[in-house]
Amino acid sequence: MTSPTPDELPLLQIGFGRPGEAVNGTGGGCGDACGCGGADDGPDLDPLECGLDPDLAALLADAGLDPVQVEDIAHMAIEEDLDQGVDVTTVATIPEDAVATADFTAREAGTVAGLRIAEAVLSVVCTEEFEVERHVEDGDRVEAGQRLLSVRARTRDLLTGERSALNILCRLSGVATATRAWADVLQGTGAAVRDTRKTTPGLRALEKYAVRCGDGVNHRMSLSDAALIKDNHVIAAGGVAEAFKRVREEFPGVPIEVEVDRLDQIEPVLAEGADLILLDNFTPEQTAEAVALVAGRAKLESSGRLTLANARAYADTGVDYLAVGALTHSSPILDIGLDLRDEARGGAGGQERD
């Protein structure tokens, strides 16, 4: 048996288009291997109709994710793992025509997120048979030992894509699980836990999606969505009110949030018309004073000093949001494994690889 060369690997070309945009033959996730024909279709090709399976692409879009971006991330994860070569262990030990069924199974209880993304990762590797059975949905609470997703494909493809799919699925499920813990503590208060831009470069959209799966709320996705005037902007502009005025003049239609660290800064910011005020490192007592002072004239967000232990105390003051950067920068993974079924004995078996 000869080993395939890198040129023979069945990976689609990474695209650069976005849903709804016209793309040329090198964009939209299409390449020579794509079933839609890629370059032959010219600039009118809809990226949702090629690359990923259309049904999977539609599910990703319905979840608020860009299917082409997900496909790009899937390719990058696989290409990083192969590093211009092949999965030498799998190629050497698994017959080329072998087919198997593998189960994604939770090793611990938590909230799952990223199942359709894991499908996308495997789908860019799988060249022939590829069938999925979905047992749960993103956002579901799961228990240890619970089967999440089953995939039937060439055994080589399953094992080559296993680690990349699990890396993303475990990471996103960990973010969703951590977020759900905060959401549970805040339940009934009227306050919501909100993420920040402290995300993994290149994975922001996925990590913020995981926050939504855990019943959290997304803050701005990028620097262009809204203005957030923080201490360094205040220093550079010469004051909170001055910084606010400059943003309002330059970008009149953009929502503005202003960070304050003292109660006496709130009234001037309100007078300027701030949409949201971030209370930085306030105690619960100070936060209650701020809520009374603002009296509904703007939304309020607490940031700093927040833990699960004191989250309820902050929420009970009447603040609208708790900003928790740890959701995306420090959440541990949720342990999920991929096991090949021992179909000769009619059951599940096998162990997770490194």
Computed E for Ala109/Thr189 - FRET, C-beta separation, R0 25 angstrom, nearest 0.05: 0.55
Stretchable slack from Gln286 to Arg262, in nm (0.36 nm times residue separation minus alpha-carbon distance): 7.8 nm
Kirkwood-based Rg over Rh for segment 179-329 (C-alpha set), two decimals? 0.96
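Could you list Ile256, Ile235 so that the one with the fewest beta carbons within 10 Å of its beta carbon is first and the one with the most is last?
Listed from fewest to most nearby Cβ atoms, that is Ile235, Ile256.
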Hydrodynamic radius by Kirkwood, which averages 1/r over all alpha carbon pairs of segment 165-215, in angstrom: 11.3
Which value in Å is the Kirkwood Rh of segment 180-261 over different Cα pairs? 14.5
If you split all Cα-Cα distances of segment 118-216 into 5 Å bins from zero, what percentages do you get per bin, shortest first? 2, 12, 19, 20, 17, 14, 8, 4, 2, 1, 0
Solution diffusion estimate, µm²/s, Stokes-Einstein, segment 261-329, Kirkwood Rh from C-alpha pairs, 20 °C, viscosity 1.002 mPa s: 177
Compare the peptides 220-232, 237-249, 185-197 by average per-residue count of other Cβ atoms within 10 angstrom and give them in order, highest first. 185-197, 237-249, 220-232
Note down the nm distance, to one decimal, between modelled labels 7 Å out along Cα→Cβ at Glu137 and at Asp55. 1.6
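Can you give the extra length, in nm with one decimal, that the chain gains between Asp316 and Arg248 once fully stretched, where that is 0.36 nm per residue apart less the Cα-Cα distance?
Between Asp316 and Arg248, full extension yields 21.3 nm more.
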Expressed in nm², what is the orientationally averaged projection area of the convex hull enclosing the Cα positions of segment 100-168? 4.0
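Since every read-out is calculated from the coordinates, none of them should be taken as a lab result. Worth saying up front: this structure is predicted, and the values here are computed from it rather than measured. No Cβ is skipped: glycine too gets one built from the backbone with ideal geometry, and neighbour counts run over all protein chains shown.
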